[in-house]
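Notes to accompany the following structure.
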Amino acid sequence: MSASLVQALEEIVGAGQVLTGAADMAPYLTDWRGRYSGSARCVVRPGSTEEVARVVARCAEAGVAVVPQGGNTGLVGGATPLATEQGARDQVLVSLARLNRIRAVDLDNNTITVEAGCVLQVVQRAAFDAGRLFPLSLAAEGSATIGGNLSTNAGGVQVLRYGNMRELTLGLEVVLADGRVWNGLRGLRKDNTGYDLKHLFIGAEGTLGLITAAVLKLFPQPRATAVAWVAVADPAAAVALLRCLRERCGERVTAFEIVGRSALELVQKHIPDCRDPLPESHAWQVLVELTDTLAGFDLNATLESVLAAEIEAGRARDAVIAQSGAQAAALWQLRENISEAQRIEGISIKHDIAVPVSAIAEFIGRADDALASRFPGVRIVCFGHIGDGNLHYNLSKPAALANADFIEQSEAVNRIVHDLVHELSGSISAEHGLGQLKRLEIRRYKSAVELDLMRRVKAALDPADLMNPGKLL
């Protein structure tokens with residue numbers, strides 16, 4: 001990339017917002033897990049949609065690829081530029097972190113319009129301050145940005161009730177590959193005027209354009225909450241408990257998370273002040289949350305009644321219901337710190353899969369048996385959003401040297417897990433995206449027709465393949 005392009009970018013965003021030094025760029029060029037590191041000629045930090053558009057247009061003129069990045073909390077290398085040894089051409093990393101304004105809150109329409117660089121937690125707080133709820137919730141919410149959430153169609157722990165980002169989004173503003181801006185910031189719940197273009201960009205991981213702002217749905221704030229940690233006999237019992245809760249409580253079931261023993265043990269090992277809420281050790285447990293907008297509704301009594309019946313039936317083994325906000329937060333910390341505990345423990349072979357809820361128990365049973373047979377001593381860390389069929393199914397060996405050898409078997413491990421997921425009509429990426437990690441793997445499971453349609457969309461919107469190359473497709 002010539003110096004003239006760097007100079008042109010500096011003229012657009014200011015010299016202080018174009019980083020070229022190795023030390024300055026380093027935090028942007030390696031992913032959160034430390035698995036992927038890439039190269040870029042510079043990092044550009046535009047501060048407005050107009051600046052993003054001018055940056056993209058200038059890069060397009062120069063034939064230079066653009067790699068968008070938000071909070072850099074992705075788990076599949078989707079926001080990390082390709083490395084030189086991967087045949088990377090000239091790349092400019094565009095950080096959207098300075099696009100961090102709350103543009104509007106519309107209480108009558110129950111919407112909030114925010115820029116892509118807004119940290120999720122900031123959007124949650126803005127909604128709360130307005131007397132509303134923005135329900136997307138995930139472990140990285142203190143650093144993940146709305147643009148990243150949109151690019152991966154993030155789900156989190158409350159999909160069961162509120163849906164993922166695709167369902168939480170009414171409109172988008174997007175900078176296209178040639179620098180034009182599509183203003184689709186419409187807060188409409190009904191608009192039958194042709195293709196719903198926003199769905200092309202949600203989940204596209206920045207390969208079709210750069211999302212710069214979004215209109216998001218808001219909801220009433222919960223005024224009553226009940227949270228319980230429940231030991232269950234096995235995953236089948238967990239699914240049965242979920243069915244019972246939904247029959248008894250309907251849409252009040254906000255979250256339903258399963259946690260295997262290995263996952264809980266890693267949290268206790270690496271995260272201070274985390275302990276098992278139950279007096280005895282259990283192989284499987286679930287975290288249940290009920291919410292209601294009626295302040296006087298006794299959710300604890302309802303939850304206690306359901307759990308007592310499940311314990312009597314033998315599907316639940318023990319349970320504790322939080323008696324305060326602090327106790328509820330402590331239970332949630334056990335679930336939310338699993339990914340961080342795994343990061344501290346070391347590298348593992350990670351899977352973010354989805355199967356129909358009715359197939360959860362079959363998947364866990366068959367996958368566990370197949371992997372234990374093929375790889376004796378394998379440690380299976382299974383947890384996730386069982387309420388919507390999304391499991392994080394991660395594998396490693398406890399000893400470092402044995403684990404290094406095991407990681408070399410990633411392809412064989414993935415084949416066992418992903419083939420079973422496909423057999424059960426599931427998906428090998430439920431909420432993390434494909435990024436660099438799974439872009440080749442997906443070819444085994446997508447039909448030729450589906451892949452062809454995806455490539456045609458990519459070619460139509462980004463014919464020069466300048467938008468986040470080497471990701472997703």
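FYI, it's all coordinate maths here, none of it is from the lab. No experiment lies behind these values; they were computed from the predicted model shown. Every residue, glycine as well, gets a Cβ built from its backbone with ideal geometry; the counts of neighbours run over all protein chains shown.
Summary table
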| quantity | calculated |
| --- | --- |
| Under 29 Å from the Cα of K350 - lysines, other chains or at least 8 residues apart | K269, K397, K438, K446, K458, K471 |
| Efficiency of FRET between R125 and R101 - r from beta-carbon atoms, R0 22 angstrom, step 0.05 | 0.95 |
| At least 15 Å along the helix axis (C-alpha) and Kyte average at least 1.0, DSSP helices within the chain | 3-13 |
| Extreme residue, positive dipole direction of segment 346-432, given options A359, H432, P398 (C-beta unit charges) | P398 |
| C-alpha center-to-center spacing [segment 81-120, segment 427-462] in angstrom | 22 Å |
| Ellipticity estimate at 222 nm from DSSP helix runs (n ≥ 4, -39,500 (n - 2.57)) divided over the chain, nearest 500 | -10500 deg cm²/dmol |
| Partner lysines for K217 [C-alpha distance under 19 Å; skip if fewer than 8 residues away on the same chain] | K190, K198 |
| Those GluC sites (Glu not before Pro) in segment 363-427 that DSSP places in a loop and that have at most 13 other beta carbons within 10 Å | E408 |
| Estimated inter-spin distance, T193 and L453, nm [label 7 Å along Cα→Cβ] | 2.5 nm |
| Cα shape, segment 31-127, gyration tensor, a/c 1.5 rule | oblate |
| Length gained when the stretch E408-S324 is fully extended (0.36 nm per residue, less Cα-Cα span) | 25.7 nm |
| log₁₀ of I(q)/I(0) at q = 0.09 Å⁻¹ - segment 144-281, Debye sum with one point per alpha carbon | -0.44 |
| Karplus 3J(HN,Hα) series, Hz, for segment 158-171 with 6.51 cos²θ - 1.76 cosθ + 1.60 (x for Gly, Pro) | 10, 4, 3, 9, 10, x, 8, 4, 4, 7, 9, 10, 9, x |
